[in-house]
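Asks: Take this structure first; my questions come after.
The values are calculated or read from the model by the stated rules, or taken from the named source; none is laboratory data. Just so you know, these numbers come straight off a predicted model, no measurement behind them. We place every Cβ from the backbone using ideal geometry, glycine too, and count neighbours over all the protein chains shown.
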Amino acid sequence: MINVTKTYLPPISKYKECIDKIYESGWITNNGPLTKELEKKLAKYLGVKNIILVSNGTAALEVAYRTLELEGDVITTPFSFVATTSSLVANGLNPIFADIDKDTLNINHKYIQQSITKKTKAIVPVHVFGNACEVEKIQNIANKNNLKVIYDAAHAFDVKYKKQSILNYGDISVLSFHATKLFHTIEGGALIINDDTLVEKARQIINFGIENNESIPLVGINAKMNEFEAAMGLLVLEEIEEIKLKRKKLYKRYINKLENIVKTQAIHKNSKNNFSYFPIILKNEASLKKVQKVLNDNDIFPRRYFYPSLDTLKYIKSKQVCKISRDISKRILCLPIYPELDYETQDLIIGLIKESL
Ligand SMILES: Cc1ncc(COP(=O)(O)O)c(C=O)c1O
C-alpha cells in the first residue's frame, strides 16, 4: 500500500540508545535535557533566534494567540488544514476568511486588505505546502493597520525567503512536527518568536501559566514536548539533509513528467521550497475522482488535501464564500512523496495518472 507519505524512522538501535539514556536519567518530560538540546540544534539549523518546542502544531497555534493576547476578528485562509481555523474558534476568536491566489494557493494579500475592519486584530496566513506567502506585502498591511501576524508554518520547515528563514517573518511562526511532516518528533511542534520579550511568556503558557514554580500569572495550557519525542527529533535531524535530497529528486521527477499534463503549485520566486508535498490540480472534481479511483485500485492512496474549504465549516459564524478556495479544494490531490518512495513506484503513479486523464 502506497500512502501519500511514510514517516521516516531512524534505526531502532539508535532510538533504543536514546531511550536507555532517558531511563537512566529518569527525566521523561518537563523541559528535559533532550528537549533543550533539540531546541538549541533546531535554532541553529533553521537560523532562528527563539524556538520553543511544544506537544503539537495545533497547541503551538493556540499558545501563539494567547501569547499575543488576541481578541476579536482574525483574517485567515480558508485553504488550510482545519487546525488553522479550529484553533482560532477554540480560543474565542472569529475567523474571517480572505480568499487565496489560484496559482500559489496562499492567501491573497489583496483580499486581506479588503477584509480589514475595526474589529480586525491579526492575520493568520499559511505557507501552503511550504510555499512562502507574500510576507513583505502582508507585513506592510499589518503595519499600516496595527495588526499582529502569526504564520501557520506547519509545512515550512527549512523554507527560505530571500535566503533567510521564512520563520523570521511575522510576530510568531508555528511549525508542526507531526509524523507526516518533513521533520518530525512523532507528535510535536514549535513556536518561533521574534520579540525576545514574549519568549518567557510563551514558556509559561505552555506550562499551565506557572512562573518560576511560584505564582500563576497567566491562563496556560499543558503543551510540553516530552523526552521520547525530543529523542526522535534529534535522530531525524541527523538525517535531514538526506531526507530533503531524496524528496527533492522525487519532486523534480514529478514536475518533469507531469507539468504539461496537470496544473501544479506556482512557487513564489523568492522562496526556496522544501519539497514536502506534491499537489496536482485537476480540471474538475469528476476528473479528480477518476484519478483517485484508478490510483486506489492499484493500492495507491493520494490525499485530498486540503478538503473541504474551511469557509464551508458549519461552526463558522460569518457566511463568506471563498470561491477560489472552494473550487481548488474540490480538485486538488497530494501525490505520494517521501524518502523511501522508489522511482519505479513513482513512475507507476505517473503512468496511471496519465492513463486516467
Ligand atoms: C497547515 C497546518 N496547520 C496546522 C496543523 C496542525 O499540526 P499538528 O498536527 O501538529 O497539531 C497541520 C497539521 O497537519 C497543518 O497541516
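Asks: Are any of the residues in the range 225-248 aliphatic (A, V, I, L, M) and not in a helix (DSSP H, G or I)?
Replies: Within the range 225-248, one or more residues are aliphatic (A, V, I, L, M) and not in a helix (DSSP H, G or I).
Asks: I've got another one for you. Quick one: which strands (runs of 3 or more DSSP E) lie wholly within the range 44-100 and hold at least 2 residues that are closer than 12 Å to ILE192 by Cα?
Replies: So the answer is 51-54.
Asks: Considering each of ALA60, ALA98, ALA90 in turn, give the residue that is crowded, with 20+ Cβ neighbours inside 10 Å and farther than 20 Å from GLU200 by Cα.
Replies: On inspection, the qualifying residue turns out to be ALA98.
Asks: I'm checking my understanding of the structure. Among residues of the range 177-196 that are farther than 15 Å from TYR45 by Cβ and assigned to a strand (DSSP E or B), which one is nearest to the ligand (Cβ to nearest atom)?
Replies: GLY189
Asks: Here's a follow-up. Being within 30 Å of LYS6 (Cα to Cα) and at pLDDT below 95 is the requirement here; does LYS181 meet it?
Replies: The answer is no for LYS181.
Asks: Quick check on the range 303-333: of everything there that is over 13 Å from PHE79 (Cβ atoms) and within 16 Å of the ligand (Cβ to nearest atom), which residue is surrounded by the most Cβ atoms within 10 Å (Cβ to Cβ)?
Replies: LEU333
Asks: Can you work out which of the residues in the range 16-40 that are touching a helix residue (DSSP H, G or I) at 6+ places or on another chain (Cβ under 6 Å) and in a helix (DSSP H, G or I) is surrounded by the most Cβ atoms within 10 Å (Cβ to Cβ)?
Replies: Only one residue tops the list, namely LEU38.
Asks: Here's a follow-up. If you go through the range 275-285 one residue at a time, do you hit one that is assigned to a loop (DSSP other than H, G, I, E, B), farther than 18 Å from ASP158 by Cα and in the same structural domain as LYS41 (by TED's automatic domain parsing)?
Replies: Looking through the range 275-285, none of the residues is assigned to a loop (DSSP other than H, G, I, E, B), farther than 18 Å from ASP158 by Cα and in the same structural domain as LYS41 (by TED's automatic domain parsing).
Asks: If I filter the range 104-113 for residues that are aliphatic (A, V, I, L, M) and within 16 Å of the ligand (Cβ to nearest atom), do I get at least one hit?
Replies: Yes; the residues of the range 104-113 include at least one that is aliphatic (A, V, I, L, M) and within 16 Å of the ligand (Cβ to nearest atom).
Asks: Let me ask something additional. Give the residue that is farthest from ALA59 (Cα to Cα), with candidates limited to residues of the range 149-174 that are acidic (Asp, Glu) and either more than 16 Å from the ligand (Cβ to nearest atom) or surrounded by fewer than 24 Cβ atoms within 10 Å (Cβ to Cβ) (or both).
Replies: Out of the qualifying residues, it is ASP158.
Asks: Out of the residues in the range 299-324 that are hydroxyl-bearing (Ser, Thr, Tyr) and within 18 Å of PHE278 (Cα to Cα), state the one that is nearest to the chain's Cα centre (by Cα).
Replies: TYR305
Asks: If you scan the range 263-291, which residues turn out to be polar (S, T, N, Q) and under 25 Å from the mean Cα position of the chain (by Cα)?
Replies: THR264, GLN265, ASN270, SER271, ASN273, ASN274, SER276, listed by residue number.
Asks: Residue check, ILE51 against (1) closer than 19 Å to PHE183 by Cβ; (2) near the ligand (Cβ under 10 Å from one of its atoms), all met but one. Which one?
Replies: (2)
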